[in-house]
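J.: There's a structure below that I have some questions on.
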Amino acid sequence: MSASLFSIPSDEPLAARMRPQSLDEFVGQEHLIAPGKILRTIIEGDRIPSMIFWGPPGVGKTTLASIIARKTQAAFINFSAVTSGIKEIRDIMKQADANKNFGERTIVFVDEIHRFNKAQQDAFLPFVEKGSIILIGATTENPSFEINGALLSRCKVFVLKALSVDDVVKLLKRALKVLGVKFFADDEILKAIAIFTNGDARAALSLLEMAAMNSSEDSEGKIVISKEILEQCTSKKSLLYDKNGEEHYNLISALHKSMRNSDPDAAVYWLARMLEAGEDPLYIARRVVRFASEDVGLAEPNALAMAVAAYQACHFIGMPECSVHLTQAVIHMSIAPKSNALDVAYNTARKDALESIAEPVPLNIRNAPTKLMKELDYGKGYKFAHDFENKIADMQCLPDALKDREYYQPTEQGSEAHYKKRLEQIKKWKEELRSRDLDS
């Protein structure tokens, strides 16, 4: 193992100085490294397989590699997908083959492995297959799409999650001690940093260090990190926006109600307030998807497709670029004709469903896959709609106790007027069929 791989000089950035030296110092990823969990077990037992660490930035992928480097008895080679090519890969593979001949294992850690092209990834494959190397890759991208299937099939994928606010605050409290006894920050400031950096430990430590270095001593010789300094370091106001507290719900309520009231200007303002305060764009996108059916519905059926597309765009590219996609969706929802008929229909049906939970399914629309079921009249009287004029049969599909219920009450708004007209025609046709049945 190379002793200099993860050495941390005292003048290194705070994030480097805070890198854990052992699993006990590691913060987060309890689902993988808590006592008894699989990743902890294989690291502590030095039984490392080829594997991929997949997760967002700053969650501990490289840190886990550094811990493995200290723990393992194998040769450990650090390799960058950004600066290395085929020649460097082949040189390392030769070294690994030589190590194997002397009975020594070789672990190759490749940071940002998704940056390797297919040919570069293929260069690793034969050496992984024959056991010359144990490959550990780190990636922020979905390995299913970014790593060759043959190589991926020989690696165990471990999914790392963004750190929670509590995890980051815990890390920042440790970091204050590393900075020195004269540095102070209250819990509100540390929580603001954690929320702003969205589960990225490296970004949180870097922001804390910047704020600390730009804060001044008070009369007692203390350096207290203030909200004002933090906002200067991030160039953002409202940094103390709490994504889990009252303000979070107030702002999403303001956005929703502005869209509902067809006010695009107010809606975009509340959208900007949330995004610039550090709200997760995917949370907003999910709320817009809900709004598309709850408040627009069939008055403008394309609203749902646009909302889902905006969510996908946010997922693909993130902030700040996805702000324009959310703006497009929010303005579309604001201007679209409104109908809550779908929401009313479901909630009314839900109430009846809960109160009539034991109401039997009518025999005519039950499935009858067996002889016994047919003998019990399952499916008797079923009318295949495609065999009838207008593809509609006069057939009761609700339980007897609810047979006259009408849950969906379409409005005259936008495209829903066409649905209303169609539904009225369907009811008319069914009434005509019933009349014919009575006459016959």
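J.: Top mean-square fluctuation among Ser339, Ser132, Ser219, Gaussian network model of the chain, C-alpha springs under 10 Å?
T.: Ser219
J.: Dividing the convex hull volume of the alpha carbon atoms of segment 280-320 by its residue count, what do you get in Å³ per residue?
T.: 49
J.: Check cross-link reach from Lys421 to the aspartates and glutamates: straight Cα distance under 18 Å, and skip same-chain residues fewer than eight apart.
T.: Correct list for Lys421: Glu300, Glu406, Glu412, Glu431, Glu432.
J.: Turning to a different aspect of this structure: Just add up the charged neighbours of Gln396: K/R +1, D/E -1, any other residue whose Cβ is under 11 Å from the Cβ of Gln396.
T.: +1
J.: Which FRET efficiency value, to the nearest 0.05, is calculated for Lys161 and Glu220 with the Förster distance at 35 angstrom and r the Cβ-Cβ distance?
T.: Between Lys161 and Glu220 the formula returns 0.30.
J.: Given a cut-off of 32 Å, name the pairs among Lys351/Lys371; Lys191/Lys338; Lys371/Lys403; Lys71/Lys182; Lys371/Lys427; Lys61/Lys177 whose C-alpha atoms lie farther apart than that in the structure shown.
T.: Exceeds cut-off: Lys351/Lys371; Lys191/Lys338; Lys71/Lys182; Lys371/Lys427.
J.: Which whole-number percent gives the relative contact order of the chain, counting Cα pairs below 8 Å spaced six or more residues apart?
T.: That works out to 11 percent.
J.: Now for a separate question. Tell me, what is a quarter of the convex hull surface for the C-alpha atoms of segment 368-440, in nm² with one decimal?
T.: Projected over every direction and averaged, the Cα hull of segment 368-440 covers 6.9 nm².
J.: What percent does the relative contact order of segment 154-311 come to when contacts are Cα pairs within less than 8 Å and at least six residues apart?
T.: Relative contact order of segment 154-311: 17 percent.
J.: Write out the cysteines belonging to the chain for which the nearest other cysteine Cβ is not under 4.7 Å, or none if no such cysteine exists.
T.: Lacking a cysteine Cβ partner under 4.7 Å: Cys155, Cys233, Cys397.
J.: If each of Asp352 and Ala150 carries a label point 7 Å out from its Cα toward its Cβ, how far apart are those two points in nm?
T.: Result: 6.0 nm between the two label points.
J.: Okay, next question. Per residue, how much accessible area does the chain show when a 1.4 Å probe rolls over the protein heavy atoms, in square angstrom?
T.: About 55 Å² of surface per residue is accessible.
J.: Looking at segment 149-279, what % of the alpha carbon pairs are farther apart than 19 Å?
T.: 58
J.: Still on this structure, please answer the following. Which of the aspartates and glutamates could a cross-linker span from Lys100 if the Cα-Cα distance has to be under 13 Å and same-chain partners fewer than 8 positions apart are dropped?
T.: Cross-link targets: none qualify.
J.: Kindly write out, for segment 279-292 in residue order, the coupling ³J(HN,Hα) from the Karplus curve 6.51 cos²θ - 1.76 cosθ + 1.60 (θ = phi - 60°), rounded to whole Hz, with x marking Gly and Pro.
T.: 5, 5, x, 5, 5, 4, 4, 5, 5, 5, 4, 4, 4, 4
J.: Could you please report the charge total around Val361, scoring K, R as +1 and D, E as -1 over all other residues with beta-carbon less than 14 angstrom from its beta-carbon?
T.: 0
J.: Could you state, as a whole-number percent, how many of the C-alpha pairs of segment 36-77 are farther apart than 13 Å?
T.: So the pairs more than 13 Å apart make up 56 percent of the total in segment 36-77.
J.: Probe radius 1.4 Å, ligands and nucleic acids ignored: give me the carbon and sulfur share of the accessible area of segment 22-163 as a rounded percent.
T.: 51
J.: Further question: Based on Cβ point charges of +1 for Lys and Arg and -1 for Asp and Glu, what charge dipole magnitude is obtained for segment 202-356 about its Cα centre, in debye rounded to the nearest 20?
T.: 400
J.: Given the options Leu398, Leu152, Leu342, which has the most mean-square fluctuation in a GNM of the chain, springs set between C-alpha atoms less than 10 angstrom apart?
T.: Fluctuation is largest for Leu398.
J.: Just the number, please: percent antiparallel of the DSSP beta bridges in the chain, rounded to the nearest 5.
T.: Percentage antiparallel, nearest 5: 5.
J.: For segment 294-440, what are Rg and Dmax over the alpha carbons, in angstrom?
T.: Values for segment 294-440 (Cα only, Rg and Dmax): 21.1, 69 Å.
J.: Is there a quick way to get the dipole size of the chain? I mean about its Cα centre, with the Cβ of Lys and Arg at +1 and of Asp and Glu at -1; what is the value in debye to the nearest 20?
T.: Around 1280 debye, computed over the chain.
The values are calculated or read from the model by the stated rules, or taken from the named source; none is laboratory data. Small disclaimer: the values here were computed from a predicted structure and weren't measured. A quick note on method: Cβ atoms are made from the backbone with ideal geometry, for glycine too, and the neighbour counts reach across all protein chains shown. Heavy atoms of the whole protein, side chains included, go into the accessibility calculation; ligands, DNA and RNA do not. Shrake-Rupley method; radii C 1.70, N 1.55, O 1.52, S 1.80 Å.
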